[in-house]
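Here's the structure we're looking at; comments come further down.
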Amino acid sequence: MSPSSATDTDVLVIGGGNAALCAALTAREAGASVLMLESAPRDWRGGNSVHTRNLRCMHDAPQDVLTDAYPEEEFWQDLLKVTGGQTDEALARLVIRSSSTCREWMKRHGVRFQPSLSGTLHLSRTNAFFMGGGKALVNAYYRSAESAGVAIRYATPVDALEIADGAFVAARAGGERFAARTCVVASGGFESNREWLREAWGRNERGEWPADNFVVRGTRYNMGVVLRDLIAKGADAVGDPTQSHCVAVDARAPLYDGGICTRVDCVSLGVMVNRDGERFYDEGEDFWPKRYAIWGRLVAMQPDQIGHAIIDAKAIGRFMPPVFPGEQAATLQELARKLRLPEAAFMKTISEYNAACRVGTFDHAVLDDCRTEGLAPPKTHWARPIETPPFSGYALKPGITFTYLGVKVDRHAAVRFAGRPSGNLFAAGEVMAGNVLGKGYTAGVGMTIGTAFGRIAGASAAQAAHGAFDAAA
Ligand SMILES: Cc1cc2nc3c(=O)[nH]c(=O)nc-3n(C[C@H](O)[C@H](O)[C@H](O)COP(=O)(O)OP(=O)(O)OC[C@H]3O[C@@H](n4cnc5c(N)ncnc54)[C@H](O)[C@@H]3O)c2cc1C
């Protein structure tokens with residue numbers, strides 16, 4: 001389709017992931033003409049959404065793939081806890097409520113669900129899993145969008161927006177200009193932008209630039225260009241640029257798009273040491289699903305931004321095996337050599353740890369009474385000596401999932417300029433998730449926010465295009 005020079009497009013959607021697709025489909029259902037601009041070429045479309053597995057859903061009674069109940073109040077308390085209060089309650093409750101009804105709409109657009117996968121994250125009550133994962137979800141939405149007449153341009157990264165007095169006028173991509181009556185920005189965070197990450201993380205006391213050693217777990221296309229442009233043009237910002245969801249992933253992971261198969265989930269069953277063979281944090285502080293997302297940042301603070309998860313044979317079979325096996329050895333000395341760890345320091349760490357273990361009744365499903373005594377840092381649960389060969393070790397690096405800086409929105413998804421809502425510019429997904437999730441994370445909430453606000457933004461944009469949007473309502 002040729003670029004629109006006049007306003008022959010009702011709704012321009014910037015982005016090509018879950019939030020963008022939800023917005024485009026909803027606007028189209030409301031009778032608007034829609035053009036989507038996706039930065040990635042067709043083969044790489046869909047942003048981080050292709051890597052997802054599930055979304056978190058409120059429900060008062062068992063629902064198809066979801067067991068038991070997960071009421072609004074419990075979902076809200078979970079969100080409140082992980083964000084430490086850095087959330088907008090009204091917007092959060094809007095997201096939570098819409099999660100109880102969105103699956104019927106998703107199914108109408110071809111998304112299929114399946115019961116929770118077994119493994120280390122026990123989510124059968126709270127999270128609905130996509131059959132075929134996020135890739136199948138994104139493909140289903142694209143098929144639905146194409147058959148509904150949504151126009152899609154791939155390989156079209158937007159460089160800048162034209163904004164006049166808080167109102168969207170046009171988007172520019174390369175030499176092209178795309179005018180439209182309204183716009184939904186759904187272009188993700190800035191986690192793929194290594195320069196911006198470097199700037200946000202800065203230089204540490206060892207003279208290192210930690211972000212240089214990060215890998216990006218998802219797409220390479222979330223460069224934050226539209227986010228930066230919006231903030232520079234007066235959009236109100238929310239969230240902290242240094243905050244991100246950051247996991248310790250297999251150090252052999254590719255720079256981009258390693259996805260979930262680079263996760264290594266054995267940390268709580270063994271010990272973690274740094275480059276110098278020293279432990280640096282309590283590996284048994286809490287259940288792994290509540291702690292896995294802190295280890296990226298912890299490893300980022302270590303020399304060379306590297307950690308090594310060490311386990312013995314007792315741990316095998318108790319965690320989801322990583323796709324790529326780690327180093328294995330019959331002795332701890334041999335393991336140290338294979339991992340290029342200083343042997344003497346490593347052996348001292350392990351023998352001090354082993355001597356400090358007070359083993360009670362081991363149970364990985366509860367916060368058990370196996371702990372260390374007189375050791376700094378302690379291991380407060382699941383502490384058992386590392387003594388049974390074969391021994392295994394995995395080198396881990398920080399893997400960034402997404403950043404938290406975004407634009408402020410209201411319940412209509414309208415972008416705010418100096419506290420005033422725009423009449424025709426809306427935002428959805430990771431680019432505004434910081435309104436609900438100022439820090440921390442609870443599994444599946446990224447897709448819940450994107451689905452809820454994608455649909456809200458699409459509906460608001462269609463209304464605005466037809467002159468029926470009341471920003472003050
Ligand atoms: C490995 C991994 C696993 C995850 N698992 C889950 C999970 O199971 N459940 C969950 O809830 N969340 C999960 N998340 C988080 C989830 O991916 C995000 O919360 C969600 O996908 C955000 O959706 P979005 O549409 O806002 O962004 P994205 O899906 O990232 O889409 C952003 C889109 O914008 C496009 N874009 C960027 N800049 C421009 C530009 N300038 N012009 C045009 N287009 C642009 C990109 O190409 C992309 O298509 C996971 C993330 C990763 C990386």
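The values are calculated or read from the model by the stated rules, or taken from the named source; none is laboratory data. Everything quoted here is computed from the prediction, not taken from an experiment. Cβ atoms come from the backbone with ideal geometry, glycine included; neighbour counts cover every protein chain shown.
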Checklist entry - Quick one: how many residues across the range 358-401 are surrounded by fewer than 18 Cβ atoms within 10 Å (Cβ to Cβ) and in a strand (DSSP E or B)? => result 1
Item to check | Cross-chain or 6+ apart pairs with Cβ under 6 Å, the range 77-106 first and assigned by TED's automatic domain parsing to the domain that holds F130, then surrounded by 14 or more Cβ atoms within 10 Å (Cβ to Cβ) and charged (D, E, K, R) | outcome: T83/K439; Q86/K439; L94/R411; I96/E72
Checklist entry - Looking at (1) touching a residue at least 24 places away in the same chain (Cβ under 8 Å); (2) surrounded by fewer than 24 Cβ atoms within 10 Å (Cβ to Cβ), can you tell me which one F426 breaks? => result (2)
Item to check | Restricting the range 298-350 to residues that are closer than 16 Å to D276 by Cβ and among the basic types (K, R), the residue that is farthest from the chain's Cα centre (by Cα) | outcome: K348
Checklist outcome for this item: Here, strands (runs of 3 or more DSSP E) confined to the range 69-165 with at least 2 residues that are over 30 Å from C266 (Cβ atoms) are 151-153, 160-164
Item to check | Residue identified as touching a residue at least 12 places away in the same chain (Cβ under 8 Å) and more than 8 Å from the ligand (Cβ to nearest atom) among A40, A24, A20 | outcome: A24
Checklist entry - Quick one: in the range 229-244, which of the residues that are surrounded by 22 or more Cβ atoms within 10 Å (Cβ to Cβ) and under 20 Å from N48 (Cα atoms) is nearest to the ligand (Cβ to nearest atom)? => result S244
Checklist outcome for this item: Note on the range 191-207: residues surrounded by fewer than 15 Cβ atoms within 10 Å (Cβ to Cβ) and assigned to a loop (DSSP other than H, G, I, E, B) are G202, R203, N204, E205, R206, G207
Checklist outcome for this item: Note on the range 208-228: residues farther than 15 Å from P241 by Cβ, of a type in the set (K, R) and more than 8 Å from the ligand (Cβ to nearest atom) are R220
Item to check | Positions within the range 19-39 being more than 13 Å from I456 (Cα to Cα) and of a type in the set (S, T, N, Q), in sequence order | outcome: S33, S39
Item to check | Looking only at the range 384-419, and only at residues there that are over 30 Å from the mean Cα position of the chain (by Cα) and not β-branched (V, I, T), the one that is nearest to T83 (Cα to Cα) | outcome: R384
Checklist entry - What is the number of the single condition among (1) out of contact with any strand residue (DSSP E or B) (no Cβ under 7 Å at 6 or more places or on another chain); (2) within 16 Å of the ligand (Cβ to nearest atom); (3) not polar (S, T, N, Q) that A427 does not meet? => result (1)
Next on the checklist: Being touching a strand residue (DSSP E or B) at 6+ places or on another chain (Cβ under 9 Å) and over 29 Å from S147 (Cα atoms) is true for just one of D8, D64, D88. Which residue is that?
Outcome noted: D88
Checklist outcome for this item: Of the conditions (1) closer than 24 Å to S422 by Cα; (2) β-branched (V, I, T); (3) in contact with a helix residue (DSSP H, G or I) (Cβ under 7 Å, 6 or more places away or on another chain), the single one that V225 does not satisfy is (3)
Checklist entry - Taking the range 185-207, which residues are more than 14 Å from the ligand (Cβ to nearest atom) and within 30 Å of R420 (Cβ to Cβ)? => result E199, A200
Checklist entry - Just wondering, is there one or more residues in the range 423-432 that are among the charged types (D, E, K, R) and assigned to a loop (DSSP other than H, G, I, E, B)? => result no
Checklist outcome for this item: Over the range 440-471, the set of residues surrounded by 24 or more Cβ atoms within 10 Å (Cβ to Cβ), away from the ligand (no atom under 13 Å from the Cβ) and of a type outside the set (G, A, S) is I456
Next on the checklist: For the range 49-66, which positions are within 16 Å of the ligand (Cβ to nearest atom) and either touching a Pro at 6+ places or on another chain (Cβ under 9 Å) or outside any loop (DSSP other than H, G, I, E, B) (or both)?
Outcome noted: S49, V50, H51, N54, L55, R56, M58, V65, L66
Next on the checklist: For the range 439-465, give me the residue count where each residue is on the phi < 0 side of the Ramachandran plot and not in a helix (DSSP H, G or I).
Outcome noted: 4
Checklist entry - Given the conditions (1) within 30 Å of H364 (Cβ to Cβ); (2) within 22 Å of the chain's Cα centre (by Cα); (3) among the small types (G, A, S), and given that G284 satisfies all but one, which numbered condition is not satisfied? => result (2)
